[in-house]
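Only the coordinates and a few stated rules stand behind these numbers; no lab work does. Here the structure is a predicted model, which means the values were calculated and not measured. Heads up, the Cβs are rebuilt from the backbone with ideal geometry, glycines too, and the neighbour counts pull from every protein chain shown.
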Amino acid sequence: MGRKFFVGGNWKCNGTSDEVKKIVTWLNEAEVPSEDDVEVVVSPPFVFLSLVKTLLRSDFAIAAQNCWVRKGGAFTGEISAEMLINLGIPWVILGHSERRLLLNETNEFVGDKVGYALTQGLKVIACVGETLEQRESGSTMAVVAAQTKSIAEHISNWSNVVLAYEPVWAIGTGKVATPAQAQEVHSELRKWLHENVGPEVAASTRIIYGGSVNGANCKELAAKPDVDGFLVGGASLKPEFIDIIKSST
Ligand code: PEP
């Protein structure tokens with residue numbers, strides 16, 4: 001089964017409304033492959049979701065950067081999955097390493113969030129990835145397998161899930177994984193899905209790479225057979241994001 005190339009842009013905690021409007025303007029003016037060939041999803045901060053939804057071209061979709069683990073209520077500062085659905089936001093990023101590391105989100109908590117978001121009808125970009133210390137000690141696969149297991153336990157239907165492999169040492173550092181390093185982990189993750197979930201899910205689930213992807217390094221990464229797209233941070237705020245969207249064509 002063909003896996004449609006997927007390019008996500010994680011804007012993180014950046015931008016003013018004027019800056020956001022500028023980004024949307026160059027996104028809207030860009031000539032990119034058809035949505036039949038490449039799925040593009042941008043992820044502005046919560047406060048700009050409605051603005052971006054109003055202005056953004058209809059062939060690009062929008063993701064929130066997080067949501068609460070359960071139904072909303074007395075959870076000051078949180079945003080619920082129901083609210084995102086109510087706003088017409090189809091996607092959410094969950095388990096980003098910045099939240100795992102800075103806000104102590106555990107594997108179990110991330111897995112719970114993924115499960116709840118899916119039950120509410122959101123599509124999920126679920127992130128996994130090892131730290132430099134874990135890579136250097138040889139535990140990369142054990143770490144990403146444990147993270148994926150906690151997520152997989154909460155998924156009954158994988159068609160609304162994209163798995164993002166984002167090595168922590170590559171995020172925002174300018175140290176991109178080599179195409180061989182990315183391919184190695186992606187193919188191991190696919191093998192993990194094959195053995196622990198099933199052959200159809202392994203063959204159809206998009207596994208995307210994130211970590212210092214830019215206009216110059218994207219094509220070589222995109223050429224790897226198990227790299228089904230990207231989650232892009234810094235470069236998604238710049239026009240080179242368009243080159244990344246085109247990298248598989
Ligand atoms: C990210 O935050 O998901 C990311 C991949 O960031 P960057 O592209 O800036 O490394």
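Here are the numbers for this structure:
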{"quantity": "Restricting segment 235-246 to residues that are away from the ligand (no atom under 12 Å from the Cβ) and touching a residue at least 40 places away in the same chain (Cβ under 8 Å), the residue that is surrounded by the most Cβ atoms within 10 Å (Cβ to Cβ)", "calculated": "ILE245"}
{"quantity": "Count of segment 61-85 residues which are within 18 Å of CYS13 (Cβ to Cβ) and charged (D, E, K, R)", "calculated": "1"}
{"quantity": "Test: residue in segment 105-126 that is under 27 Å from GLU200 (Cβ atoms), within 16 Å of the ligand (Cβ to nearest atom) and either out of contact with any helix residue (DSSP H, G or I) (no Cβ under 8 Å at 6 or more places or on another chain) or in a loop (DSSP other than H, G, I, E, B) (or both)", "calculated": "yes"}
{"quantity": "Residues satisfying the stated conditions in segment 215-234, i.e. of a type outside the set (D, E, K, R) and either away from the ligand (no atom under 16 Å from the Cβ) or touching a strand residue (DSSP E or B) at 6+ places or on another chain (Cβ under 8 Å) (or both)", "calculated": "CYS218, LEU221, ALA222, ALA223, PRO225, VAL227, GLY229, PHE230, LEU231, VAL232, GLY233"}
{"quantity": "Some residue of segment 135-147 being touching a helix residue (DSSP H, G or I) at 6+ places or on another chain (Cβ under 6 Å) and within 15 Å of the ligand (Cβ to nearest atom)", "calculated": "yes"}
{"quantity": "Selected residue (criterion: nearest to the ligand (Cβ to nearest atom)) from residues of segment 199-214 that are of a type in the set (Ser, Thr, Tyr) and free of Cβ contacts under 8 Å to residues at least 60 places away in the same chain", "calculated": "SER212"}
